[in-house]
1. For the subset of the stretch 270-279 comprising residues that are in a loop (DSSP other than H, G, I, E, B) and in contact with a Phe, Trp or Tyr (Cβ under 9 Å, 6 or more places away or on another chain), which member is most open to solvent (accessible area, probe 1.4 Å)?
2. Identify, please: which residue in the stretch 11-24 is open to solvent by 40 Å² or more (accessible area, probe 1.4 Å) and in a helix (DSSP H, G or I) and is, among those, farthest from VAL140 (Cα to Cα)?
3. Among the residues of the stretch 234-269, count how many are acidic (Asp, Glu), open to solvent by 10 Å² or more (accessible area, probe 1.4 Å) and either assigned to a helix (DSSP H, G or I) or under 20 Å from CYS181 (Cβ atoms) (or both).
4. When you scan the stretch 68-77, do you find a residue that is part of a helix (DSSP H, G or I), among the hydrophobic types (A, V, I, L, M, F, W, C), modelled with pLDDT under 90 and crowded, with 19+ Cβ neighbours inside 10 Å, even just one?
5. LEU6 - would you say it is touching a residue at least 40 places away in the same chain (Cβ under 8 Å), in a helix (DSSP H, G or I), more than 24 Å from the chain's Cα centre (by Cα) and within 23 Å of ARG158 (Cβ to Cβ)?
6. Considering each of LEU51, LEU47 in turn, give the residue that is of a type in the set (A, V, I, L, M) and modelled with pLDDT of 90 or more.
7. Counting residues that are modelled with pLDDT under 95 and open to solvent by less than 60 Å² (accessible area, probe 1.4 Å), which strands (runs of 3 or more DSSP E) fully inside the stretch 110-216 reach at least 2?
8. Among what's in the stretch 78-89 and is surrounded by fewer than 16 Cβ atoms within 10 Å (Cβ to Cβ) and under 30 Å from ILE145 (Cα atoms), pick the residue that is modelled with the highest pLDDT.
Amino acid sequence: MELQSLRTFVAVARHLSFSKAAAHLDYSQAAVTVQIKRLEEDLGVRLFDRLGKTIRLTAQGEIFYDHAVEVLNALKEAKASVHRDEVLDGTLSIATVDSLCLSVFPDLLTRFHRAYPQIKISVTTSASPFVLEALQNNTVDLAAIADEDIKDPRFICRASAEEQMVFAAVKGSQAALRSPCVIEDLLDLPFVLTEHASYRNVLDYTLRQRGLSVDPVFQCNNTELLAHMCRQGVGISFLPRYVLQADFDRGDLVRIDVKNLHIPISCQIIQHKDKWVTPEMQAFIDFVEASWS
């Protein structure tokens, strides 16, 4: 049994696709197929059920997957152990959401780079579901999201900080003049909100609990555009406080005090439960934990 066969098996199991695994490993699909076939022959069991173009792990495949991940992680740990005293100069890839990338990451990553100047960092942005999909497909090392606490058993939260969702409007607007108020006092006014994703979902859920709903005049998942539309007086925004803090400090926007409505979210650094933690990943996790504590 070859280590490369284990790597190929884990890639196919994570992607549940021979073609996607081949692309990830930079192999031909035929090479992946041959390696899986040889591995199944070595083990004397079938690892995947193939139903047309759909594949899934067999019961034996699921058991073997856990052991294969342990073997590969142990090998990486053994290799890293002989280099622990060296300067960290590897790579670190992070997927995150726009709001964190624009508001939190500039300062955080600048300070991290100063602490570890040899680490090469790659950051990609997308909506939360696609960020977690990248983590599942092992195309990134870590994910940073601002959402409800992660409950997906595939992932582990390594660092977190509570953040408040806030309502904001232009100074002097009807919404600002009604503050402090209850949420019912605002629902006849225009809103600019995210589409049905994390921030919008927590608002919709809270409103449904009270038999209420909101119909925004403008929707977009880009938080900077939403903040811009709010500054222009188009409507009330509902975003994490860190996204709007600079606007509050400048006086461009004011926070609306909505009584009896406490809606927290969690800024989180997430890893896949099966991902071996490189020294570069651990350095970033430790750095974020210290920054957010």
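The values are calculated or read from the model by the stated rules, or taken from the named source; none is laboratory data. Since we're looking at a predicted model, the values are computed, not measured. Every residue, glycine as well, gets a Cβ built from its backbone with ideal geometry; the counts of neighbours run over all protein chains shown. Just so you know, the surface numbers come from the protein's heavy atoms only, side chains and all, with ligands and any DNA or RNA stripped out. Shrake-Rupley method; radii C 1.70, N 1.55, O 1.52, S 1.80 Å.
1. Among those residues, the one meeting the criterion is LYS273.
2. SER19
3. 2
4. For the stretch 68-77, residues part of a helix (DSSP H, G or I), among the hydrophobic types (A, V, I, L, M, F, W, C), modelled with pLDDT under 90 and crowded, with 19+ Cβ neighbours inside 10 Å: present.
5. no
6. Testing whether each residue is of a type in the set (A, V, I, L, M) and modelled with pLDDT of 90 or more leaves just LEU47.
7. Qualifying strands (runs of 3 or more DSSP E): 142-147, 155-170.
8. ASP89
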